[in-house]
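The values are calculated or read from the model by the stated rules, or taken from the named source; none is laboratory data. All values derive from a computational prediction rather than experimental measurement. Note: ideal-geometry Cβ built from the backbone for every residue, glycine included; neighbour counts use all protein chains shown. Each accessible area value is taken on the protein alone, full model and side chains, heavy atoms only, with ligands, DNA and RNA left out. Shrake-Rupley method; radii C 1.70, N 1.55, O 1.52, S 1.80 Å.
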There are 2 protein chains.
Amino acid sequence: MQNEVKRQEPAPIRWNLPVDDQIDLLRRGVVDLVSEDDLRRKLAKGQPLRVKLGADPTRPDLHLGHAVILRKMRQFQDLGHKVIMLIGDFTAMIGDPSGKSKTRPPLTLEQTRENAKSYLEQCRLILRQEPEVLEVRFNGEWLEPMGYADVIRLASRYTVARIMERDDFKKRFEGGVPIAVHELLYPLTQGYDSVALEADVELGGTDQLFNNLVGRALQRDYGQESQVVMTLPLLVGLDGTEKMSKSLDNYIGLTDEPHEMFTKLMKVPDPLLDNYFTLLTDLPRPRIEELLAGHPVAAHRELAREVVAWFHPDADLDAAEARFRSVAKGGIPENIPTVTVPAAELANSADPERISLVKLVVLAGLEPSNGAARKLMQNRGLKLNGEVVTDAQASLTREQLSQEGGAVIQKGKDKFARLVLGS
Amino acid sequence: MQNEVKRQEPAPIRWNLPVDDQIDLLRRGVVDLVSEDDLRRKLAKGQPLRVKLGADPTRPDLHLGHAVILRKMRQFQDLGHKVIMLIGDFTAMIGDPSGKSKTRPPLTLEQTRENAKSYLEQCRLILRQEPEVLEVRFNGEWLEPMGYADVIRLASRYTVARIMERDDFKKRFEGGVPIAVHELLYPLTQGYDSVALEADVELGGTDQLFNNLVGRALQRDYGQESQVVMTLPLLVGLDGTEKMSKSLDNYIGLTDEPHEMFTKLMKVPDPLLDNYFTLLTDLPRPRIEELLAGHPVAAHRELAREVVAWFHPDADLDAAEARFRSVAKGGIPENIPTVTVPAAELANSADPERISLVKLVVLAGLEPSNGAARKLMQNRGLKLNGEVVTDAQASLTREQLSQEGGAVIQKGKDKFARLVLGS
């Protein structure tokens with residue numbers, strides 16, 4: 001799933017930048033900041049801050065939605081602050097024991113570790129790896145030794161009314177949708193993680209505002225200085241309406257190939273451009289305004305080049321762009337995978353001179369099954385040498401496969417395979 | 001605080017009484033029974049039931065209010081069922097860590113053990129002691145080893161909405177009075193005690209109905225047969241309005257002397273007589289009706305004799321009654337404590353022939369301080385040889401103390417001391 005991670009050496013850390021300059025950098029794209037005064041006060045001490053990001057080790061495939069927050073973490077690192085990646089291994093192992101939540105199925109220790117490893121590997125695409133600015137922790141460290149009395153003491157620090165202010169709890173309670181008692185304990189646990197880590201700042205999506213404010217309050221109760229809570233927007237996906245997510249297939253993966261990433265970025269709906277520029281590039285505000293005022297294609301092009309260069313610093317951006325243009329015009333790009341069709345596959349066919357197109361689509365890995373391949377064709381999603389083929393009974397001859405350059409099949413706009421006959 | 005416990009041998013256990021007869025006995029005075037069918041089914045198995053009563057080891061002085069439930073427990077014992085006295089030692093040690101509840105200050109392990117010992121000693125006045133019908137347990141046994149994950153699993157069994165149905169929670173939540181999150185965990189913990197004990201029946205006051213029903217529900221979730229929940233009324237105290245309690249001074253203590261108990265019982269407000277007869281005696285219903293229809297004094301007399309004989313089986317009931325009558329008529333009873341006034345007390349007075357009445361009241365132990373003694377006199381609460389004395393400057397002469405029979409002082413209706421001069 002991951003590509004080999006090859007990164008350039010990061011630029012040197014900019015230690016002790018003046019507080020105002022740090023605030024300017026860190027505020028970019030931020031929705032909630034509770035509070036700027038506190039952040040200013042903490043920065044003024046001139047000590048590296050401890051910046052926490054909690055991760056639920058259940059969804060191992062990262063996309064640009066995750067990159068928004070990780071990018072902010074990286075900004076803290078570039079200023080010499082220490083980022084703490086907190087893996088909720090213990091909570092993930094418990095899951096939702098009532099079995100009512102699909103988002104919290106319990107995981108085994110092995111799954112948790114495997115997911116965490118994959119998660120952290122992907123984070124390396126964005127975060128600095130120097131130990132003075134990166135710390136990885138697991139909450140089992142302090143949750144595992146907690147006893148009944150400790151849980152009671154923790155739970156005594158917060159009132160039911162305050163927990164029930166959380167939007168989803170409030171709606172469920174008022175709507176008569178059951179909330180199990182343990183669900184009230186999770187925000188407290190998450191807050192207690194901040195106490196255990198002595199976090200100075202906690203980052204999260206806007207959906208984490210409430211939980212992270214619990215941490216802020218608990219730290220005060222435990223005699224600590226309260227953490228600053230900073231939230232970032234949830235990135236809207238390529239469909240232009242829903243939050244970017246793998247399950248909705250409206251995402252751009254962090255490990256997507258340059259040309260794939262480029263092509264997807266060229267499809268970002270116009271109204272989202274400003275957001276994508278702000279959250280995923282360092283372009284200064286005036287330049288963003290200029291781009292937004294100009295032709296959308298030029299703006300998309302700049303966005304695509306910026307983001308691709310971020311994840312693929314060695315990529316040939318011109319080549320990625322050329323491929324995008326060629327495909328956009330209906331052409332067949334130069335570097336597409338070649339799939340060798342074993343001669344035996346024809347020999348085993350009913351007619352040894354022919355092989356069905358459905359079978360070839362599966363062989364080329366464009367669809368997982370014959371059924372899916374047939375459906376693709378019925379939906380006009382498959383081209384053979386640039387022509388749409390809808391007949392699921394269609395087949396290719398030995399001769400067609402043996403031609404110079406073989407036969408090219410294409411799924412949708414940008415998935416190609418060149419089929420050649422093997423021996 | 002306790003008298004030496006001298007009890008007669010209890011009557012033999014009545015094993016295997018027919019189910020209907022057991023139900024008849026056990027239903028007496030009961031407010032809630034959830035459910036009679038379940039109780040019938042459990043009794044029909046012919047096995048001793050496990051009957052749980054939870055005790056918070058914080059209030060060591062028992063009174064007739066406690067006796068109501070302990071008497072019901074004793075009825076179970078007399079039928080051969082096993083009573084389980086559950087001491088909430090672990091929960092008491094935690095107390096209310098938010099410090100918001102006055103009824104749950106944390107106790108040390110030592111205090112908890114001391115209180116539990118005193119509580120169980122007083123229970124011996126009512127309960128049978130044979131090990132086959134009495135089991136004492138402490139909830140630290142299963143709560144102490146519980147970890148964070150166990151608490152989460154327990155809390156996942158119950159919804160916030162169901163917990164918030166509890167009357168006091170509902171009122172507080174709606175009225176904006178804070179409820180700390182750990183308070184929601186206590187009913188679950190109490191319910192889990194029933195799971196750990198595999199209780200068949202749980203007894204409690206009507207104020208415990210909700211908590212005990214939680215136990216009933218949890219047992220089902222843990223794959224056990226659900227306990228029967230049985231509640232008894234909260235006994236109203238001698239003031240006729242408030243629940244009997246030590247702090248309101250409207251109580252009759254289990255260790256009160258026969259004449260003290262007799263006198264207090266003669267003062268039970270008429271409207272409470274039916275309740276007291278039902279809950280604190282075995283008199284059959286027709287006899288109670290007859291007494292209630294007759295003269296109240298006769299009814300009180302019967303109540304007093306029944307209850308005093310219960311706690312003091314060897315007491316001379318006629319003597320206790322005679323003393324009550326004598327005092328009621330303003331007389332001085334025969335057996336009152338004699339207090340010897342050391343001659344040195346006079347010698348040290350300003351006038352060695354006199355000693356102040358205030359000082360004597362304190363010496364006799366009728367009031368704790370001179371100030372309290374003066375107040376008592378100002379409130380017309382003190383008699384000297386049958387006459388009210390209100391002058392706080394009053395004194396007694398050496399001669400008065402040296403007379404045959406000394407001088408008798410009396411606080412209120414029934415506290416006497418005979419003062420005689422020592423050497």
Accessible-area composition of the protein assembly as shown, carbon plus sulfur, in percent [1.4 Å probe]
49
How far is residue B:351 from itself in the other copies, in nm, if each label sits 7 Å out from Cα along the Cα-Cβ line, shortest first?
14.1
Residue B:413-residue B:47 FRET efficiency (beta carbon distance; Förster radius 45 Å; 0.05 resolution)
0.30
For chain B, averaging the sequence separation of alpha carbon pairs under 8 Å that lie six or more residues apart and dividing by its residue count, the contact order in percent is 14
Using the Kirkwood formula on alpha carbons, the hydrodynamic radius of segment B:19-235 in angstrom works out to 17.9
What total accessible surface area, summed over both chains, is buried at the interface between chains B and A, computed with a 1.4 Å probe and given in Å² to the nearest 100?
2800
Equivalent ellipsoid, segment A:258-329 (semi-axes from 5 times Cα gyration tensor eigenvalues, Å):
20, 14, 10
So what does log10 I(q)/I(0) come out to for chain B at q = 0.07 Å⁻¹, using the Debye formula with one equal point on every Cα and no solvent?
-0.45
Compute the separation of the alpha-carbon centres of segment B:351-367 and segment B:212-267 and state it in Å as a whole number.
41
Given Cβ point charges of +1 (Lys, Arg) and -1 (Asp, Glu) and nothing else, what value in debye, to the nearest 20, does the dipole of the protein assembly as shown about its Cα centre take?
700
Difference of contour (0.36 nm per residue) and Cα-Cα distance, residue A:370 to residue A:16:
121.4 nm
Which residues, if any, in segment A:145-163 have at least 40 Å² less accessible area in the whole protein complex than in the isolated chain, probe 1.4 Å?
A:148, A:151, A:152, A:156, A:159, A:160
If R0 is 25 Å, what FRET efficiency do you get for residue A:141 and residue B:222 from their C-beta distance, rounded to 0.05?
0.25
Give the residue list of GluC sites (Glu not before Pro) in segment A:329-369 that are DSSP loop and have at most 15 other beta-carbon atoms within 10 angstrom.
A:334, A:353
How far apart, in nanometres, would the label points at residue A:309 and residue B:246 be if each is projected 7 angstrom from Cα along the Cα-to-Cβ direction?
8.0
Using +1 at the Cβ of each Lys and Arg and -1 at the Cβ of each Asp and Glu in chain B, identify which of B:196, B:118, B:180 lies farthest towards the dipole's positive end.
B:180
Test item: Cα-centred dipole of segment B:19-235, Lys/Arg +1 and Asp/Glu -1 on Cβ, debye
240
Roughly how many Å² is the accessible area per residue of the protein assembly as shown, as a whole number, for a 1.4 Å probe?
47
Residue-level accessible surface for residue B:173, protein heavy atoms, 1.4 Å, Å²
60
Under the 7 Å Cα-to-Cβ spin-label approximation, residue A:379 and residue B:270 lie apart by a distance in nanometres of 8.8
Would you mind checking segment B:247-264 for residues with the amide N under 20 Å from a putative spin-label position 7 Å along Cα→C-beta of residue B:334?
B:257-263
One point scatterer per Cα, no solvent, Debye formula: log10 I(q)/I(0) for segment B:1-93 at q = 0.20, 0.25 Å⁻¹ comes out as -1.13, -1.41
Extension gain residue A:121-residue A:177, at 0.36 nm per residue separation less the Cα-Cα distance, in nm?
16.3 nm
State, to one decimal in nm and shortest first, how far the label point of residue B:44 sits from each corresponding label point in the other identical copies (label point: 7 angstrom along Cα-to-Cβ).
7.8
Quick tally, 1.4 Å probe accessible area for A:329, B:243, sorted with the most first, runs A:329, B:243
Segment A:277-295 to segment A:299-316: how many Å between their Cα centroids?
14
What figure, in Å² to the nearest 10, do you get for the accessible area of residue A:36 with a 1.4 Å probe and non-protein molecules left out?
60
What number of lysine-lysine pairs in segment B:19-235 show an alpha-carbon separation below 30 angstrom, given a sequence spacing of 8 or more or placement on distinct chains?
22
Measuring from a point 7 Å out along Cα→Cβ, what nm distances, shortest first, does residue A:241 have to its partners in the other copies?
6.4
Between residue A:325 and residue A:391, what is the spin-label point distance in nm, taking each point 7 Å from the Cα along the Cα→C-beta axis?
3.7
Order B:13, B:409 by their accessible area, 1.4 angstrom probe, all chains in place, largest first.
B:13, B:409
Debye intensity ratio in log₁₀ form over the Cα atoms of the protein assembly as shown, taken at each q of 0.08, 0.09 Å⁻¹
-0.89, -1.00
Length gained, residue A:318-residue A:27, 0.36 nm per residue minus C-alpha separation, equals 101.5 nm
Charge dipole (debye, nearest 20) of chain B; +1 at Cβ of Lys and Arg, -1 at Cβ of Asp and Glu
540
Express the relative contact order of segment B:35-172 as a whole percentage, based on alpha carbon pairs under 8 Å and six or more residues apart in sequence.
27
Whose Cβ in chain B comes nearest the axis that rotates B onto A, and by how many Å?
B:151, 2
If the reach is capped at under 26 angstrom between alpha carbons, list the lysines near residue B:375, excluding any in the same chain fewer than eight residues apart.
B:246, B:264, B:267, B:329, B:359, B:383, B:411, B:413, B:415
Accessible area of residue A:117, 1.4 Å probe, to the nearest 10 Å²?
120
Counting pairs of Cα atoms in segment B:190-284, how many percent are more than 22 Å apart?
45
Please give the calculated 222 nm ellipticity per residue for the protein assembly as shown, where each DSSP H segment of at least 4 residues contributes -39500 (n - 2.57) and the sum is spread over every residue; nearest 500 deg cm²/dmol?
-13000 deg cm²/dmol
Arrange the residues B:118, B:402 by how much accessible surface each exposes, largest first, with a 1.4 angstrom probe.
B:402, B:118
So if the hydrodynamic radius of segment A:338-421 is defined as the Kirkwood radius over C-alpha pairs, what does Stokes-Einstein give as its diffusion coefficient at 37 °C and 0.692 mPa s, in µm² per second?
262
